[in-house]
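Novice: Below you will find the structure I want to go over with you.
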Amino acid sequence: MDSEAQGASREKVRTESERLERRRESRRRYRERHADELREQSRQWKAAHPEKVKEYGVRYRAAHLEQIRTSNRESARVKRAADRKSVASAKRRREKGRERYAADPKAHREYQRKRRAAQRAADPEGYRKAKKQRTKRWRDSHRDEQNAKLRAKHRDNPEVKRAAAERYYAAHGDEVRERRRAYYWANREQQLETQRRWRAREKRRREAGLPPRRLHRVTAAERAANASEAEEFFSRARTREEVKQMRRGPRTSTVELAQWNRASVRARLASAISADSDAVKPVAASERRRESENLTARGLKAKVAAAEEERMDAIARAINDRLRQTPRRAQVHRPGHAPPPRTIDNV
DNA sequence: TGTAATCTAGAGCTAATACG
DNA sequence: CGTATTAGCTCTAGATTACA
C-alpha cells in the first residue's frame, strides 16, 4: 500500500468513527429525552415475556459470575461499615460489651488493658488525643456536678490540698510571686481599696473586742467526732444516784448562766450565717449589710431593712421547722381577732 | 500607708484505672 | 467506645499577713 492510499484509508476510518460517535450521541440524547416512556415500554415488555427475562438473567449470571461475586462482597462490606456507624448498632455494641463485662469482669478488664496498650503502642499520639477528647467531652457536660464534688472533697479534707499548694509554692515560688506582683500593678486601685476596707474592718473588729476569726470550717472527721460525742452525752442513761448527786450539786451562778445564754445566741447566729447563701464570705456579706445601712436615701434604707427583716424571718422559720416536733399550723389571718387559745386539741 | 508575700478556695487539665 | 472516679499538678483571684 502506498502512502497516499494509507492516508485516504485513515481519513475514511476517522470519518467512519466520527459518524458512529455522532449516532451514539444522538441516541443518548433521545434516551434522555424519552427516559420515562422507554422505561415504561421496557417494563411492559418484561411483564409480557417473563420467561425471556429469566433466561437472560441466567445467561448473564453465568457469564459474569466472578464480577457479581466481588461486587456483592463489596456492597456487603459497605453496608457493614455503615451499620457500625449507626446509633442503634452503637447501642447494641455497648450492650454486648456490658454483657461481656458482667460475664467475667476480671477477664474483660485484662482484655481492655491489653487492647488499650496495643492501641497506644500502635499510635501513641492518636490514642492520647482521642482519650483527651472524650474526657473533655464528658467533663464539659458534667462541669458543675464535678466541681461541686471537688468542693465537698476539699472541704472535708483540706489537708491534702494544703500540702499540694505548699509543695507547689516551694517549687514555683518565683513564678507565683511574680504573678502576684503583676496582678497588683494591673489592679492597683482596686488593691488599695481592698486594703483600706480590710484595715477599717480590722479596726472595728478590735474595737468590738472580737477574735480575729469568728468562723472556722468543720471537716468531715470533726463532724463525725462531734456527732458521736453528742450521741454519747445525750443518750447516756443517768442512774438514780447520779440524778440525786446533780440535784444536790452546786447551782449554776447567774453569771455563768448569762454567759451560757450569750454563747448560745452566738452559736445560733453563727449557724444562721453559715446557712446564708453567701456562706463562703459571711464577713463580706455582713460588710455589705453594714454599708447598705449607711445609705442615706430613706426609701432605699427602708427597703433594705424590710428585706433584711424578711431574711431573718426566713432563717428563723427554717430553724423553727428543724426544731419543732409538731407540724406547723396553717396560717389563718383574722384581722381584729386574737389567735385562738391553745387547748389540748389545738397545739 | 503602699507594696510584696503568703495562704486559701475554686476550678481546670491530664492521666490512670475501673465500670458498663 | 462511653462514663465515672481518683489523684496530682497548675493557675487564678482574692483574703490575709508581713515588711519597709
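Novice: Check residue A:135 against each of (1) more than 30 Å from residue A:120 (Cβ to Cβ); (2) among the hydroxyl-bearing types (Ser, Thr, Tyr); (3) surrounded by fewer than 12 Cβ atoms within 10 Å (Cβ to Cβ) and name the one condition it does not meet.
Specialist: Going through the list (1) more than 30 Å from residue A:120 (Cβ to Cβ); (2) among the hydroxyl-bearing types (Ser, Thr, Tyr); (3) surrounded by fewer than 12 Cβ atoms within 10 Å (Cβ to Cβ), residue A:135 breaks only (1).
Novice: In this structure, does residue A:142 turn out to be within 11 Å of DNA strand C (Cβ to nearest atom) and in contact with a helix residue (DSSP H, G or I) (Cβ under 8 Å, 6 or more places away or on another chain)? Steps first, please.
Specialist: On the way: within 11 Å of DNA strand C (Cβ to nearest atom): yes; in contact with a helix residue (DSSP H, G or I) (Cβ under 8 Å, 6 or more places away or on another chain): no.
No: the conditions fail for residue A:142.
Computed from the coordinates by the stated procedures, all read-outs in this text should not be read as laboratory data. Small disclaimer: the values here were computed from a predicted structure and weren't measured. Here Cβ is always computed from backbone atoms with ideal geometry, including for glycine, and neighbour counts include all displayed protein chains.
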